[in-house]
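Student: So that we are looking at the same thing, I have put the structure below in structure tokens.
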Amino acid sequence: MFRALIGSQGTVGSTLLDHMAFDHVFNSDNIGTLENYDFDQVVVAAPSGNRLAINRGATNDSEDVWDIITAVKRARPAHVVLIGSVDAVTAPKTHYGNNRARLEYYLAESVPTTVLRLSTLIGSHIKKNVLHDIKYNLFLDKIDAGAEIQWCVINDLPRFIDQAQPRDVRNIVSEPIANWEILQRYRPELVPAEIPHSTVRYNQQPYCYSKQQIFAAMDEYML
């Protein structure tokens with residue numbers, strides 16, 4: 001299989017490069033040359049996953065999304081696997097979610113596309129999220145103990161990519177886990193006496209992981 005990766009510098013792209021072989025790698029500097037090749041599969045692990053910065057309007061996210069769409073339309077690979085985000089369906093009114101939904105739609109309109117929507121990541125390359133903050137004692141006073149989020153193990157992505165069928169959409173998510181449950185496991189002294197109400201509630205289905213599987217992956221990450 002003649003395979004390419006778009007997006008090599010972020011958390012997802014760098015992890016894929018650790019575990020998969022790609023014939024060519026593209027980023028914002030050379031994505032315009034994608035059309036010079038006839039790929040069997042293009043894995044799109046871009047643009048940036050910095051949700052907070054994008055929602056603040058601090059990046060060129062819309063332009064980056066359109067550059068990817070344009071490059072794929074021109075190249076017309078046999079199959080695209082888009083590593084997307086559940087925010088495309090859970091937060092479509094945010095800049096981040098809306099742009100990911102646009103990317104899904106326009107790629108699927110252009111070429112046979114598989115969408116793998118990721119939830120919160122567990123893996124050695126992650127640089128932000130509640131698990132990272134607990135491990136490195138960062139922003140502990142900012143943790144929303146009542147929030148319920150879903151997780152995925154980033155090292156499992158090669159398996160999901162190899163299983164990908166064109167025109168399939170799959171949410172790579174776990175059972176919802178409340179942040180207070182994570183605190184109870186790793187920093188019980190930080191669990192508030194009364195769990196505050198939170199508006200953050202993720203519950204996409206079907207689940208790919210049980211709580212037990214996710215806690216096992218978290219235990220490994222926290223070592």
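The values are calculated or read from the model by the stated rules, or taken from the named source; none is laboratory data. Predicted model, so just to flag it, every value in this text is computed and none were measured. So basically every Cβ, Gly included, is an ideal-geometry build from the backbone, and we count neighbours across all protein chains shown. Only protein heavy atoms, including side chains, enter the accessible area calculation; ligands, DNA and RNA are left aside. Shrake-Rupley method; radii C 1.70, N 1.55, O 1.52, S 1.80 Å.
Student: What is the percent carbon and sulfur in the accessible area of the chain, measuring with a 1.4 Å probe over the protein chains and ignoring ligands?
Tutor: Values: 5300 of 11310 Å².
The C+S portion of the solvent-accessible surface of the chain is 47 percent.
Student: So for each of 77-88, 103-114 I average, over its residues, the number of other beta carbons within 10 Å; can you give me the resulting order with the highest mean first?
Tutor: Descending mean neighbour count gives 77-88, 103-114.
Student: Need the C-alpha centroid separation for the range 86-163 versus the range 1-73, integer Å.
Tutor: 15 Å
Student: Have a look at the DSSP beta bridges in the chain and tell me what percent are antiparallel, nearest 5.
Tutor: Counting only bridges with both partners in the chain, antiparallel ones make up about 5 percent.
Student: To continue, here is another question. Compute from the Cα atoms of the range 172-223 the Rg and the Dmax, the latter being the longest Cα-Cα distance, and quote both in angstrom.
Tutor: 12.2, 33
Student: Ok, one more. In the range 143-208, what GluC sites (Glu not before Pro) fall in a loop by DSSP, with at most 11 other Cβ atoms inside 10 Å?
Tutor: Values: sites: E148, E181, E189, E194; in loops: E194.
The qualifying sites are E194.
Student: Can I ask one more? Give the peptides 61-70, 3-12 in descending order of average Cβ contacts within 10 Å, highest first. Write out the running numbers ahead of the final one.
Tutor: Numbers: 61-70: 17.6, 3-12: 20.9.
In descending order of packing, they fall as 3-12, 61-70.
Student: Between R100, R74, R117, find the one with the highest GNM mean-square fluctuation for the chain; connect C-alpha pairs within less than 10 Å.
Tutor: In the Gaussian network model the winner is R74.
Student: Residues of the range 8-53: accessible area per residue at 1.4 Å, in Å²? Working shown, then result.
Tutor: On the way: 2330 Å² over 46 residues.
Value returned for the range 8-53: 51 Å² of accessible area per residue.
Student: Identify which of I149, I54, I195 has the largest mean-square fluctuation in a Gaussian network model of the chain, with springs joining Cα atoms closer than 10 Å.
Tutor: Between I149, I54, I195, it is I195 that shows the largest mean-square fluctuation.
Student: Something else about it: Sort 213-221, 18-26, 198-206 by the packing proxy (mean of other Cβ within 10 Å over each peptide's residues), most packed first.
Tutor: Details: 213-221: 16.9, 18-26: 15.2, 198-206: 12.4.
The most tightly packed comes first, giving 213-221, 18-26, 198-206.
Student: Which values of log₁₀ I(q)/I(0), to two decimal places, follow from the Debye formula for the chain at q = 0.16 Å⁻¹ with a uniform point scatterer at every Cα?
Tutor: -1.11
Student: Taking the chain as a Gaussian network, where each spring joins two C-alpha atoms under 10 Å apart, which residue of K127, K93, K142 fluctuates the most?
Tutor: K142
Student: Taking the alpha-carbon distance from K142 and a cut-off under 19 Å, which lysines remain once sequence neighbours fewer than 8 residues away in the same chain are dropped?
Tutor: Within the straight-line limit of under 19 Å, K142 reaches these lysines: K127, K128.
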